[in-house]
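A.B. asks: My structure is below; once you've seen it, I'll send some questions.
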Amino acid sequence: MTALPGAIVLGLENAIGLAVVRDLGRHGVPVYGIARDQSSIVTSSRYCTDWTKRPAGPIADWLPGLIARTGARAVLAISETDLLQLSALPPMIGDCHILVPRPDQLGRVLDKMQTIQAAAAAGLRVPQTWQPLGHEDFAARAAQMRYPLVAKWANPPEVMGLLEQAGLEWIKTDYIRDADQLLALLDRYAPIGRWPLIQQYCRGVGLGQMLYMANGQATLRFQHRRLHEWPPEGGVSTLCRAEPVDAHGPQMALSEKLLRALDWEGQAMVEYRYDVASGHYWLMEVNGRFWGSLPLALHCGAGFAWEAYRRTVLGQTDPAPVPRDDLRARYMVPETKRLVRILFAPGRIGDPFFRRRPIADLAAYLLAFLDPRARYYVFSRSDPKPWLRDLVQMVRKAARREKP
């Protein structure tokens, strides 16, 4: 068997990076990881051929040398900040493919307002959205809004630095019950003169449709439903299940249409709130990077990192296998934190419509360990060391907190 060329993966700090490394490694690709330090759980994976501590400075200063040393033919990244830096580089450095979107493509997806406009034009259902501007009468606008509302930044990487300079916390999602709360939120960000998008609250469950786009066509599709999130009112997926391949077909076609309108190439997740009662799908965002629930896709046989590698580096164009649709996956640390909040701190849950069922949630948490369909974001029988390292680190953190 001919040895495959290697790949460099930036970002070995979480379960997403672990899924990418496992996906490539299981197909025989030597993976060279870039980690911030040796405590990264992914550096202990059997599929991580070698790793390097991330050098200081911009990626452009040190990546060409690393490519030359490893002979890698592909570079993949996890975080949006790394994607932004890599997108500014040429599509290839020597024989190595930089497998990230181009700047104009990435910009359209990172800017939620542009995504919403493209989605509306493509026929998708989008929530009512207001982008506050400094010259507006906020009090008058607040009196006209229909509550509850959700606030989220249109382009998070663009404002994170401004928030940090002003000593303000970056909050992914705020829930707003009335005009007073809205005005207080707008006042919070007045020092930087920038405000998050204000959107209509959409009831329903989280539905993610993942596609790999090549030349305007989806070559790999997978979809899942979010069952639990951390924090409980919305955030990182902590328990999700694959959706049947024949479900949500018309919406999958609209997701592909939207990505085609955005001129998107590569992997993306189109995320919705799906209201089962009405049958409505409300677009939340397009996630143009590897997403949090990627481990479930990998367990089901939807290898998005491998799809990028094989099509670009190997030139393979044969259809990808149809993924399984009968599994679910748990992200145990945040899933446990979610349960603790529901049981002991329900007042901190921001979503006014969140259904708190403490006894049912506790029972489901315990019974899931016996579910033959259950898989895990980090734990794997064939690759146990990342889970063991994660467990040791959790014990050490707990011991440090207990010290007087």
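A.B. asks: Look at residue 196 and say whether it is more than 17 Å from residue 269 (Cβ to Cβ) and in the same structural domain as residue 137 (by TED's automatic domain parsing).
C.D. replies: Yes.
A.B. asks: Another question, then. Only one of these is closer than 13 Å to residue 228 by Cα, charged (D, E, K, R) and either without any contact (Cβ under 8 Å) to a residue 24 or more places away in the chain or surrounded by 15 or more Cβ atoms within 10 Å (Cβ to Cβ) (or both): 381, 357. Name it.
C.D. replies: Result: 357 is the single residue among 381, 357 that is closer than 13 Å to residue 228 by Cα, charged (D, E, K, R) and either without any contact (Cβ under 8 Å) to a residue 24 or more places away in the chain or surrounded by 15 or more Cβ atoms within 10 Å (Cβ to Cβ) (or both).
A.B. asks: In this structure, does residue 285 turn out to be modelled with pLDDT of 95 or more and surrounded by fewer than 23 Cβ atoms within 10 Å (Cβ to Cβ)?
C.D. replies: Considered against the rule, which asks whether it is modelled with pLDDT of 95 or more and surrounded by fewer than 23 Cβ atoms within 10 Å (Cβ to Cβ), residue 285 comes out as no.
A.B. asks: Kindly check whether there is at least one residue in the range 82-94 that is touching a strand residue (DSSP E or B) at 6+ places or on another chain (Cβ under 6 Å), within 24 Å of residue 196 (Cβ to Cβ) and not acidic (Asp, Glu).
C.D. replies: Yes, there is a match, as at least one residue in the range 82-94 is touching a strand residue (DSSP E or B) at 6+ places or on another chain (Cβ under 6 Å), within 24 Å of residue 196 (Cβ to Cβ) and not acidic (Asp, Glu).
A.B. asks: Within the range 229-336, considering only strands (runs of 3 or more DSSP E) that don't extend past its boundaries, which have at least 2 residues that are farther than 15 Å from residue 217 by Cα and under 14 Å from the mean Cα position of the chain (by Cα)?
C.D. replies: The strands (runs of 3 or more DSSP E) meeting that bar are 236-242, 266-275, 280-287.
A.B. asks: Looking at (1) without any contact (Cβ under 8 Å) to a residue 60 or more places away in the chain; (2) closer than 25 Å to residue 373 by Cα; (3) of a type in the set (Gly, Ala, Ser), which is the one condition that is false for residue 218?
C.D. replies: (2)
A.B. asks: Look at the range 131-168 and say how many of its residues are free of Cβ contacts under 8 Å to residues at least 40 places away in the same chain and among the basic types (Lys, Arg).
C.D. replies: Of the residues in that region, 1 qualify.
A.B. asks: Please verify whether residue 168 is out of contact with any strand residue (DSSP E or B) (no Cβ under 9 Å at 6 or more places or on another chain), surrounded by fewer than 14 Cβ atoms within 10 Å (Cβ to Cβ), closer than 29 Å to residue 83 by Cα and hydrophobic (A, V, I, L, M, F, W, C), treating the condition exactly as stated.
C.D. replies: So residue 168 does not fit the description; no.
A.B. asks: Additional query: Do you know which residues across the range 9-24 are in a helix (DSSP H, G or I) and among the aliphatic types (A, V, I, L, M)?
C.D. replies: Answer for the range 9-24, where residues must be in a helix (DSSP H, G or I) and among the aliphatic types (A, V, I, L, M): 15, 16, 18, 19, 20, 21, 24.
A.B. asks: Sticking with this one: Would you check if residue 224 is crowded, with 16+ Cβ neighbours inside 10 Å, in a strand (DSSP E or B) and either in contact with a Gly (Cβ under 6 Å, 6 or more places away or on another chain) or free of Cβ contacts under 8 Å to residues at least 60 places away in the same chain (or both)?
C.D. replies: yes
A.B. asks: Got at least one residue in the range 326-337 being among the basic types (Lys, Arg) and out of contact with any strand residue (DSSP E or B) (no Cβ under 8 Å at 6 or more places or on another chain)?
C.D. replies: Within the range 326-337, none of the residues are among the basic types (Lys, Arg) and out of contact with any strand residue (DSSP E or B) (no Cβ under 8 Å at 6 or more places or on another chain).
Every residue, every condition in (1) among the acidic types (Asp, Glu); (2) at pLDDT below 95, yes or no:
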| residue | (1), (2) |
| --- | --- |
| 299 | no, no |
| 326 | yes, no |
| 330 | no, no |
| 347 | no, yes |
| 352 | no, yes |
| 357 | no, yes |
| 402 | yes, yes |
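A.B. asks: Residues that are of a type in the set (Gly, Ala, Ser): which helices (runs of 4 or more DSSP H) entirely in the range 75-194 hold 3 or more of them?
C.D. replies: Because the criterion is at least 3 residues that are of a type in the set (Gly, Ala, Ser), the helices (runs of 4 or more DSSP H) in the range 75-194 that meet it are 112-121, 138-144.
A.B. asks: While we're looking at this one, here's another question. Given 341, 328, which one is closer than 15 Å to residue 233 by Cβ, out of contact with any Asp or Glu (no Cβ under 7 Å at 6 or more places or on another chain) and buried (at least 16 other Cβ atoms within 10 Å of the Cβ)?
C.D. replies: 341
The values are calculated or read from the model by the stated rules, or taken from the named source; none is laboratory data. From a predicted model like this one, the values you see are computed outputs, not experimental measurements. Here the Cβ is made from the backbone with ideal geometry for all residues, glycine too, and neighbour counts use every protein chain on show.
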